[in-house]
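To keep things clear, I will list the structure first and then write my remarks on it.
Each value in this text was obtained by applying a stated rule to the coordinates, not by laboratory testing. The shown structure was predicted, so the numbers you read here are calculated from the model rather than taken from an experiment. Using ideal geometry, Cβ is built from the backbone for each residue, glycine included, and neighbour counts are taken over all protein chains shown.
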Amino acid sequence: MEIVLYPHPALHFKSTPVRSIDAKLRKTVEEMFELMYAANGIGLAANQVALPYQLFIINLTADADQKDEEIVFINPNIKKRRGQVTGEEGCLSFPELYGPVERSKEITVEAYNLKGQLLSYDLDDLASRAVQHENDHIDGVLFIDRMTKDEREKVAAVVDDFEAQFRDAQAREKTPSDAELLKELKKLAAGT
């Protein structure tokens, strides 16, 4: 398992609901936390590891020793949104790229945890932003998609470079073609 970079097709793939919480899913979540911490991240969606499932993880401390701050969101649903605020975001699928994104200031989100319990969270500030960012991932929406046209133009050269590197890896057959990657994503989604 690895964090995939833009423009990997998984990043624009609309995820399917998780239907079973089992040992395999728990192992996936454990590996996702390890990857997230290794990359100094605070959140990671299943799409970012090429798994088309409605699942993401958060630890706002980015500290692997603070396990009590880890939250797993399975089949999340943002029920309420309040206010608007613009803040800088980054993404582990776009290393070193940051930009301003407008998000709801406060949200209420429901999701299942690894015990299969449906929990509700009232979030604001960084927690609200992180959950909205990761929730977008499972809908196939990227933070650059939420940037204003002017802000997107400011980072266009960097985004184009990500694309060029990915296409070069495909040309050298170090990365499968988009068609092959999409075929695998659809296969995984159908077997969830």
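What lysines sit close enough to Lys105 to cross-link, taking a C-alpha to C-alpha distance under 20 Å and skipping anything fewer than 8 places away on the same chain?
Lys79, Lys80
Multiply the residue separation of Lys67 and Glu34 by 0.36 nm, subtract the distance between their alpha-carbon atoms, and state the gained length in nm to one decimal.
Taking Lys67 through Glu34 to full extension adds about 10.7 nm, to one decimal.
Is the shape of region 20-166 best called rounded, prolate or oblate, per the rule: a/c under 1.5 gives rounded, else a/b larger than b/c gives prolate, else oblate, with a ≥ b ≥ c the square roots of the Cα gyration tensor eigenvalues?
Judged from the Cα gyration tensor, region 20-166 comes out oblate (a/c at least 1.5, b/c at or above a/b).
For the residue pair Ala169 and Glu102, what label-to-label distance in nm results when each label sits 7 Å from Cα along the Cα-to-beta-carbon direction?
3.4 nm
Roughly how many debye, to the nearest 20, is the charge dipole of region 55-192 about its Cα centre, given +1 on each Lys and Arg Cβ, -1 on each Asp and Glu Cβ, and no other charges?
That gives a dipole near 600 debye.
Taking 0.36 nm per intervening residue step and subtracting the Cα-Cα distance, what contour gain separates Leu60 from Val155 on full extension?
That pair, Leu60 and Val155, stretches by 31.7 nm at full extension.
Determine, for each peptide in 7-15, 65-73, the mean count of other beta carbons within 10 angstrom over its residues, then list the peptides with the highest first.
Averaged packing, sorted descending, gives the order 7-15, 65-73.
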